Amino acid sequence: MALPSPEKPADLLLNESDSSVSPVDAQNGPGHSEQPLLPWDRFSCWLHCVCVVGFDLELGQAVEVIYPHSSKLSDKEKISICYLSFPDSNSGCLGDTQFCFRFRQAAGKKIPICYALDHLERDAPIFLKSDPGHFYGYVYFRQVRDKTLKRGYFQKSLVMISRLPYVNFFHSLLKLIAPEYFEKSEPCLEAACNDIDRWPAPFPGKTLSLPIMGVVMKVRIPSCYDKPGTIQIAQSCQQDDAQVSVVLPTVHEVDLFRCFCPVFFHIQMLWELVLLGEPLVVMAPSPSESSETVLGLVSCISPLKYSSDFRPYFTIHDSEFKEYTTRTQAPPSVILGVTNPFFAKTLQHWPHIIRIGDMKQAGDIPKQVKVKKLKNLKTLDSKPGVYSAYKPFLNKDEEIIKQLQKGLQQKRPSAAQNAILRRYFLELTQSFIIPLERYVASLMPLQKSISPWKNPPQLKPFSQEEFMKTLEKTGPQLTSRLKGDWIGLYRHFLKSPNFDGWFRRRRKEMTQKLEALHLEALCDEDLQLRIQNHTEVETVDLVLKLKDKLMQAERERLPVKADTLSRLRTHIETVIGTLPEDLQGILLKPGSPQEATS
Amino acid sequence: MSFLPPVRRDRIIPNLPQCYIKEAALQCKDTFHSKVKRACQDQRTGTVGFKISKIIVVGDLAVGKTCLINRFCKDTFDKNYKATIGVDFEMERFEVLGVPFSLQLWDTAGQERFKCIASTYYRGAQAIIIVFDVNDIASLDHTKQWLLDALKENDPNNVLLFLVGTKKDLSSAAQYMRVEQDAIKMAKEMKAEYWVVSSLTGENVNEFFFRVASLTFETCVLSELEKSESRRIGDVVRINSNSHNLYETKKNKANCCK
């Protein structure tokens, strides 16, 4: 590269990313060579569809347009989208409002995830993987007075339906598209969707240049190899570029401080509630506040994945309304964001309720408030705060509260407050999870117990008591100065869905690692020598077994060394070569019996 | 830096490419502006090297805007016509005088129904390429309207204009001569630089885009230098007393009032 100006390292970084994956490169990029692209293939890597939801005087809310026209939504899904795309109740959202919702995909049909997303599925951090059972809806809602309309108001939502949890990205995208769409209608949507259909697929770890509506958005899709808590994309310092390119510092992170500002005295308790998967409801004056707060809660335990259901905006029309609000069972382990005052009554029996007042008052410095008693929660006009009988396991960290308070007094920018809070949560979660990681790693059998001619050894079982014993010496006290009942917190966590989800993934990863090590051990063997003393039947059996292994490795993308698979293929061919010719013909055929049965 | 592929060899511009015809050119100099050359040698190009310039391509339906871009960016030519929906986009990287420089090429739709959204795509362009078909005199007439529309979203003093005739291969020499007179006249009126190309044969396509890249690059560096110079003057003034500078501005104002 020629002549980078030495005093502008940040810009240099930016430039580097400018052209790293332009839509042109991506055509030849990884994952794109296998199949020809059909129209909307690229689009569907990012979005399932775009909907316009309007208000019809006779029908109520209705999906007016679905784009691309070929995209499929069941009637049930359409109804969900209709209700979730408008603020419910009489909240006076005048002007433009943005929020997000999440809904269950209708049962019985599986939409195959775009094959170009293989890389995303493998290399995305666990909390950012696309969600096969749910859709996200990202909404841009406009409500303005319009005397020419019978209803007196223009009310319309532009909604993007996607599996990707990139809230910040889609909100920025809608901010570019929606205002133009409301003014210029359908050609604008057509053009925007065609822009998106030329984008490269989201690729973890890469900075993408995404042209849309006359600007180029630059985003970096996080990768599971990123160090948590580091900023991955250089910010543009040039203002005159703003019309030409927009750099997004993050695709998915919400402003935690803004979310938690009304209740920031309780952040640590909220962290515990989320970690333990306790039923939690956020009552907010508008969907933008409810959705932002729910997403903030879910992300406060990152890099742990929140494993239960969460609904950034939940309405009484939701298909899970009955399931989640029934009084015949204990409240489920979910986080709901609601705005309809009706919920204050329906969810009265819930153990933890966060009530958020109007964000307009957020400029005020919240005074020290106690956790409120649940019986004080009135149906209407309750004061903002956290209503719960929960006693936190850990002692309160006064320092972070003081730090944030000081920031408020000094009018520290929200971005800086957010960074402090995010760092705090990250350190807390890591202190909590490291002892578990360490213990689980010790469940791995020794390398020497792997024999190429036996099945791979099993992982040792997880024993709660043994794990608890490790805490005495290598517990969270090594990395956190917080005191309190850590043991109690772990005991509850081990029963929670978050632990279950986390441990399943770990166990799968470790089992695959064992399979991979076993495969490598097998490749190191001299197979020709081995088959010399074996019968033909046994050799055929070996070939079939090896083929099976190879297929498994390819299917599950086992973490093997780069050349292992090609070595295995060579081995298979060599062994087949030692067999009589008629057998060779059968075994070398691509659709040999083994492959047909598996 | 390692993962950024080097600029393609055939995208390196060491000298100023010449105009197509001196009669209708933005400038007729043989070499880059001396200030620009010096700045590039001394690595004083500021942020230009990390910059992208936005170029928009406008013109009537089916005059060959997409073909022109495809010939240059992908070196392909597709005889079948496929209407552009909304906008196409290509990014092209160059190295001018040793400095990396990128062009964003926004290829807009010529169809009437997309005109309403065009303004969205026009914003912030550094150069406008107005395309007409040399075999279709009406498309030349319409270039005026395309220019007006595109300039609504851009500052006319800060944007370079190119008027490009396409499909030269379809026109006989005699036919072309007649159109050229009109086209050159139009280019002069618009203060645009005139070019004629064939995307089918590739005639003049590379030359044209190199010229676009070079002139936008030069403009970028000059404005960058101007900015840093004015900043330097401001600093000096702040250190010494600023009486001289005050006098200057007063004088300028007085001139304005006359």
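Every number here is computed from the coordinates shown, using simple stated rules; none is lab data. As the structure is a computational prediction, the values presented were derived from the model and not from experiment. Glycine also receives a Cβ, built like all others from the backbone with ideal geometry; neighbour counts cover every protein chain displayed.
So how do B:141-152, A:204-215, A:574-585 stack up, highest first, on mean other-Cβ count within 10 Å?
Working: B:141-152: 16.8, A:204-215: 22.2, A:574-585: 13.2.
Peptide ranking by packing, descending: A:204-215, B:141-152, A:574-585.
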Check: So how strong a dipole does region A:525-597 carry about its Cα centre when Lys and Arg Cβ are +1 and Asp and Glu Cβ are -1, to the nearest 20 debye?
Finding: 340 debye
Item checked: Label-point gap, in nm, between A:Phe154 and B:Lys35 - each point 7 angstrom along Cα→Cβ -> 4.5 nm
Note to self: Highest mean first, how do A:542-549, A:337-344 rank when packing is the count of other Cβ atoms within 10 Å averaged over residues?
What the structure shows: A:337-344, A:542-549
Check: Ranked highest first by the average count of other Cβ atoms within 10 Å around their residues, in what order do A:190-200, A:71-81, A:291-301, A:472-482 fall?
Finding: A:291-301, A:190-200, A:71-81, A:472-482
Check: To the nearest 0.05, what FRET efficiency results for A:Gln532 and A:Asp582 with a Förster distance of 22 Å applied to their C-beta separation?
Finding: 0.60
Next item on the list: Taking the Cβ of A:Ser185 as the centre, find all other residues whose Cβ is under 12 Å away and add up their charges (Lys, Arg: +1; Asp, Glu: -1).
Entry: -2
Check: Under unit Cβ charges (Lys, Arg +1; Asp, Glu -1), what dipole magnitude, rounded to 20 debye, does region A:41-247 have relative to its Cα centre?
Finding: 420 debye
Checklist line | All lysines inside 19 Å of A:Lys411 as judged from Cα atoms, apart from same-chain residues fewer than 8 positions distant | finding: A:Lys360, A:Lys367, A:Lys402
Item checked: Hits among lysines - C-alpha to C-alpha of A:Lys561 under 24 Å, sequence gap 8 or more where chains match -> A:Lys206, A:Lys227, A:Lys448, A:Lys454, A:Lys508, A:Lys513, A:Lys545, A:Lys547, A:Lys549
Notebook entry, point to check: Average partner chain C-beta neighbours within 10 Å, per residue of B:53-60?
Noted result: 1
Next item on the list: Evaluate peptide A:495-503: per residue, the Cβ atoms of other protein chains within 10 Å of its Cβ; return the mean as an integer.
Entry: 0
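Go through region A:250-335 and name the trypsin sites (Lys or Arg not before Pro) that are in a DSSP coil and have 15 or fewer other Cβ atoms within 10 Å of their Cβ.
Values: sites: A:Arg258, A:Lys305, A:Lys322, A:Arg327; in loops: A:Lys305, A:Arg327.
For trypsin sites (Lys or Arg not before Pro) across region A:250-335 that sit outside H, G, I, E and B with at most 15 neighbouring Cβ atoms in 10 Å, the list reads A:Arg327.
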Margin query: Just to be sure I follow: if Rg is taken over the C-alpha atoms of region A:41-247 and Rh is the Kirkwood radius over the same atoms, what is Rg/Rh?
Written below: 0.97
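Using a 10 Å cut-off around each Cβ of peptide B:115-126, what is the average number of partner chain Cβ atoms that fall inside? Could the numbers behind the result be given before it?
On the way: counts 2, 7, 14, 4, 3, 13, 7, 1, 6, 8, 3, 1.
Average per residue, whole number: 6.
Take the cross-link list A:Lys78/A:Lys156; B:Lys144/B:Lys188; B:Lys22/B:Lys74 and give me the ones stretching past 18 Å between alpha-carbons.
Violating the 18 Å limit, Cα to Cα: B:Lys22/B:Lys74.
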